[in-house]
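Presented below is the structure to which this report refers.
The values are calculated or read from the model by the stated rules, or taken from the named source; none is laboratory data. Keep in mind that this is a model prediction, so the values were computed, not measured. Every residue, glycine as well, gets a Cβ built from its backbone with ideal geometry; the counts of neighbours run over all protein chains shown. Accessible surface is based on the protein model in full, side chains and every heavy atom, while ligands, DNA and RNA are left aside. Shrake-Rupley method; radii C 1.70, N 1.55, O 1.52, S 1.80 Å.
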Amino acid sequence: MSATALPSPTSDEVLGEPIQGPRALTGDWRRFWHLSFNIAKTDWKLRFYGSALGVVWQLVRPLMLFGVLYVFFTKIGHVNSTTGVGSQYYGAQLLGSIVLFTFWAESTAGSVRCVVDHEALVRKIQFPRLVIPMSVVMFTMFNLALNLIVVLIFTLASGVRPMASWVELPLILLMLGVFAAGTSMLLSAAFIYFRDIQPIWDVVNQIVFYASPVMISYATVQLHLSRTLLHIYEMSPLAVVMQQFRHAMITHGTPSAPNAMGGWSHMVIPVGIVIITFVAGFYVFNRVAPKVAEIL
């Protein structure tokens, strides 16, 4: 009796299922936050290692930009003499807006290359991949906290007195932080496939800087935009964050974001954009995370 020949195994049967790396998150939240914080803290220390002035350099860029813009708009353009800008508090509002935008720009631009720059870590260690972009956002939060101390000192020196509305600051920063985190996840995932993301995003950040109420108040913008463009402008979460920061932290003479935009119903779109950006960012990053080591 002749033996029956067995079919030869296919390549898929020999190799088995494709190996998948860790996903964006695991069930161990404590480990996730511990890793994110320690990477951010290490990067913070390394940035200023060997520097004579240390963390002081972190204050130089926003303060120099503030100085240039403040002199130009107050001494040359006389912006502080116009209505709706905040009169004598224009300097404090300008500095606060620059600090908020600096956080947004640093967290998103820094996240573009973060996964690729940690290629060696990704290939050798098993950990939730979301740690990498979140550590960048956390690192820029350290910078934001330091810069906000300067904003507080400058605000008090400008004659602003503590107000009950200062308790809104955590909510304002939460909205900005969630928006930055969602955008950072999208950018870091996209850069793995498309390396043109970095120069494109540098240009986008420049556009966003001039298209946001950093230098000019929302009230001034209302005077120069058509109704259609104004509706588009109102959709920007950054515009909402900066407007509400000026109202809550500097002076109630500046209208709150809901009042400036025509009521609380107008807040649905910018808040919705923040939530959608975060959910979409996590979804995309979570899909890409197991394949990162293979792609790189």
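Quick notes on this one:
- Whole-Hz Karplus values for region 270-279 come out as x, 5, x, 4, 4, 5, 5, 4, 5, 5 Hz, taken residue by residue from phi with 6.51 cos²θ - 1.76 cosθ + 1.60 and θ = phi - 60°; glycine and proline positions read x.
- Extension gain from Val60 to Thr220, taking 0.36 nm per residue of separation minus the Cα-Cα distance: 54.7 nm
- In this calculation the C-beta distance from Ile149 to His252 is compared with R0 = 25 Å, giving a FRET efficiency of 0.65.
- Calculated FRET value between Gln126 and Thr228, using beta carbons and R₀ = 35 Å, to 0.05: 0.10
- Among residues other than Met249 with Cβ under 14 Å from its Cβ, the summed charge is +1 (Lys and Arg +1, Asp and Glu -1).
- Cα centroid separation, region 209-257 to region 89-161: 21 Å.
- Residue ranges 216-222, 191-197, 132-138, 95-101 sort as 132-138, 95-101, 216-222, 191-197 when ordered by packing (mean number of other C-beta atoms within 10 Å per residue, highest first).
- If you sort Leu69, Leu35, Leu63, Leu46 by accessible surface, 1.4 Å probe, largest first, the order is Leu46, Leu63, Leu35, Leu69.
- With K and R counted +1 and D and E -1, the other residues having a Cβ less than 15 Å from that of Lys124 yield a net charge of -1.
- The value of relative contact order for region 200-293, using C-alpha pairs under 8 Å at least six residues apart, is 21 percent.
- The amide H of Gly253, built 1.01 Å from its N in the peptide plane, has no neighbour under 5 Å, considering only residues 5 or more places off or on other chains.
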